[in-house]
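Reviewing the structure listed below.
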Amino acid sequence: MNQLKLISLFFFFGIINGGSDDSILGYFTESSSKILSNKSNQLILGSAAIAALAATKVDHQVKSYAQTKGLLSDDISHFGDMYGGYWGHWLLWSSILATSLNDGGKTGLTEKMEFSTLAMITNGVITELMKRSFGRVRPNGGCCKSFPSGHTSHSFTVATIANELYGKQVGAVAYCLAALVATSRIHDNKHYLSDVIFGAGLGTAVGRGFALTYRDRINNNTCLLYTSPRPRD
């Protein structure tokens, strides 16, 4: 994720979350620990790492096929590039705002914005740190942020958030769009197969870590609402 996108995330989150009483640092710390401690996330990250390592054996063959045969039409690939780089998070935020307005603001707008924005920021930071650490040259010769794919990890984070907020049907559509983004990155010669495989696993695990915290907080708030004493007449 580029610096401009991170800045926009922080700015947008600051506006929406201005009145929140919850600790952002606490939310981040709790969710970050769940990214690695949750058993399902461990399986996702471990499988993604193994699959990415195995894929390095065929990275150049896949690249050659993609460049000679093509994986997508140029128009569809361009759509994938735009969705993964710009449109995905704005569509998600727009849907959160729209559903909240339709329900008269009773759907936990602040909680949903906190969940979604912190998850995407965290994924962006982790992805950027990994890119700088590995320093892998892109298949088109660009230096040096090929591993993992930021567009892919971002899109799978968005898909995981959508799955948590809107259910499996919407989540399935979002995951299909994320897979399209991953394919477009190979088609455009921006990433290797191994880059997008690990990016998909990383984005999913980060999204799930924050989704678990979001779910816990929503459940706790619901319990407090029903157990709080009612005022006497």
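The values are calculated or read from the model by the stated rules, or taken from the named source; none is laboratory data. Predicted model only: the values in this text are computed from it and were never measured. When we count neighbours, we look across all protein chains shown, and the Cβ atoms used for this are built from the backbone with ideal geometry, even at glycine. Just so you know, the surface numbers come from the protein's heavy atoms only, side chains and all, with ligands and any DNA or RNA stripped out. Shrake-Rupley method; radii C 1.70, N 1.55, O 1.52, S 1.80 Å.
Checked against the criterion of being open to solvent by 30 Å² or more (accessible area, probe 1.4 Å), among the polar types (S, T, N, Q) and either at pLDDT 95 or above or closer than 26 Å to SER149 by Cβ (or both), the candidates ASN2, ASN41, ASN102 yield just one match: ASN2.
Just to check your reading of the model, which residue among LEU165, LEU129, LEU193 is of a type outside the set (Asp, Glu) and more than 20 Å from LEU53 (Cα to Cα)? First the steps, then the outcome.
On the way: LEU129 fails: more than 20 Å from LEU53 (Cα to Cα); LEU193 fails: more than 20 Å from LEU53 (Cα to Cα).
Sole residue among the options that is of a type outside the set (Asp, Glu) and more than 20 Å from LEU53 (Cα to Cα): LEU165.
Between THR157, THR127, which is of a type in the set (Ser, Thr, Tyr) and in contact (Cβ under 8 Å) with a residue 60 or more places away in the chain? Step by step, each of THR157, THR127 is checked, and only THR127 is of a type in the set (Ser, Thr, Tyr) and in contact (Cβ under 8 Å) with a residue 60 or more places away in the chain. Scoring LYS190 on the criteria (1) part of a loop (DSSP other than H, G, I, E, B); (2) open to solvent by less than 60 Å² (accessible area, probe 1.4 Å); (3) modelled with pLDDT of 95 or more leaves a single failure, condition (2). Among the residues making up the range 117-148, those that are in contact with a Gly (Cβ under 9 Å, 6 or more places away or on another chain), farther than 28 Å from THR213 by Cβ and not charged (D, E, K, R) are CYS143, CYS144, SER146. Of all residues in the range 59-75, exactly one satisfies the criterion of being farther than 18 Å from PHE147 by Cβ, touching a residue at least 24 places away in the same chain (Cβ under 8 Å) and part of a helix (DSSP H, G or I), namely GLN67.
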